[in-house]
Structure formats: C-alpha cells, structure tokens
Amino acid sequence: MSAISNSGSLIHLAKISLISLLKEIYGEILIPVKVKIEAVDRGKNRGYSDAIIIEKAIDEKWIKIVNIKSPKKFYALAEIAGLHEAEIEVIWLAYKRNIIALLDDDAARKFARSLGIIVRGTLGVVVEAVKKGIITKNKALEALDKLSNIMYLSSDVYVSTKKSIEKIFA
C-alpha cells in the first residue's frame, strides 16, 4: 500500500523523530516535486534539520518524488477552494490512483474528501500507528504533546486525539 503526502505530515513527523511511521504504515510515500521543494529544498536553505531527515528518506527510496500534472479544470476548481499547488497535486494523484492522501490543511482535507479520497493527517498517522501496534500508547501520547508544540491544534482536536489513543487500549 502507498500514500501520497503533502509537506505537513513529513515535516511534523520528522521534527518529532517519527517519520519512520509513514514507512511502517504505508510502505511507500509519494510526494510531488513541489512538496520536495517545500519540505527539503526550502527547509535546508533555512537550516531546518527535518529537511535533512526527509531527504534521507528520499535517498533511501521509500519516499519517492513524482511528477504530477493535474488537468487545468481540476486545478482551477481546487484553486477556487483556496488550495495551493502542492496540495492540488497531492489530491489529484490520490484521486487518480485511489490512494490515501496525507493532508493537514482543513480546506485541502475537505476538498479531498468531497472527491471520495481517504485522508489522514499527522495526528491520524500517530493514531493509526497505535492501532497497528507500531508504537505504544505512551509513545503516541508523547508524540501528541510534541506535535501540539510545533503545529496548531485546537483544544478540541487535542482532546479528541488523546481520547482516540486511549480508547484503543480501553
């Protein structure tokens, strides 16, 4: 099974040293060239260590860069929905190949779901890792706390995710 990812999940999971969850859950992660530019090239230019971690996964070939050209009509519709180029490419390939899209942005997630695409965000990856026995409840709760320090999480989302993790072991 494979998934296609936007920058968010790659960056966030790399920052908390859990990017390997993507490999363990999905095996192969596809990323558009624009995501590679955002997550690796710009990150390295700014001195971000997560960019080097993502680049290493690309070098190990479990994150694969793909060229994507979404149709103009699709692109125009997605732009009207407020999506950025990389998000549009992620959603298009997820739709075309019927694979999971890893997206954190709410507008992108809603747009993808409206097309019948299965969507996971960074938090969903952590919950999935717990369900599959890849990480422990304590490690998942620790990851949730770390993620709350590096990405915006409403209190509702934080509490809901925490309950989801705890419910797995209830």
Given the condition polar (S, T, N, Q), in contact with a strand residue (DSSP E or B) (Cβ under 9 Å, 6 or more places away or on another chain) and free of Cβ contacts under 8 Å to residues at least 40 places away in the same chain, answer yes or no: does some residue in region 33-46 qualify?
no
Could you check, for region 120-137, whether at least one of its residues is in a loop (DSSP other than H, G, I, E, B) and closer than 19 Å to Pro32 by Cα?
yes
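Anything in region 85-102 that is free of Cβ contacts under 8 Å to residues at least 24 places away in the same chain and not β-branched (Val, Ile, Thr)? List them, or say none. Before the answer, list the steps.
Looking only at region 85-102, we keep the residues that are free of Cβ contacts under 8 Å to residues at least 24 places away in the same chain, and these are 88, 95-96, 98.
Residues satisfying the conditions are Tyr95, Lys96, Asn98.
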When region 20-75 is checked residue by residue, the ones that are β-branched (Val, Ile, Thr), under 24 Å from Ala129 (Cα atoms) and out of contact with any Asp or Glu (no Cβ under 6 Å at 6 or more places or on another chain) are Ile29, Ile31, Val35, Ile52, Ile53, Ile54, Ile58, Ile63, Ile65
Scan (1) touching a helix residue (DSSP H, G or I) at 6+ places or on another chain (Cβ under 7 Å); (2) assigned to a helix (DSSP H, G or I) for the single condition Asp104 breaks and write down its number.
(2)
For region 144-170, which residues satisfy the criterion of being surrounded by 12 or more Cβ atoms within 10 Å (Cβ to Cβ) and aromatic (Phe, Trp, Tyr)?
Tyr158
Could you list all residues from region 55-86 that are modelled with pLDDT under 90 and of a type in the set (Gly, Ala, Ser)?
Ser70, Ala76, Ala78, Ala81, Gly82
Consider Ala140 carefully, then state whether it is crowded, with 21+ Cβ neighbours inside 10 Å, modelled with pLDDT under 95 and more than 14 Å from the chain's Cα centre (by Cα).
no
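The values are calculated or read from the model by the stated rules, or taken from the named source; none is laboratory data. These numbers come from a predicted model, not from an experiment. Glycine also receives a Cβ, built like all others from the backbone with ideal geometry; neighbour counts cover every protein chain displayed.
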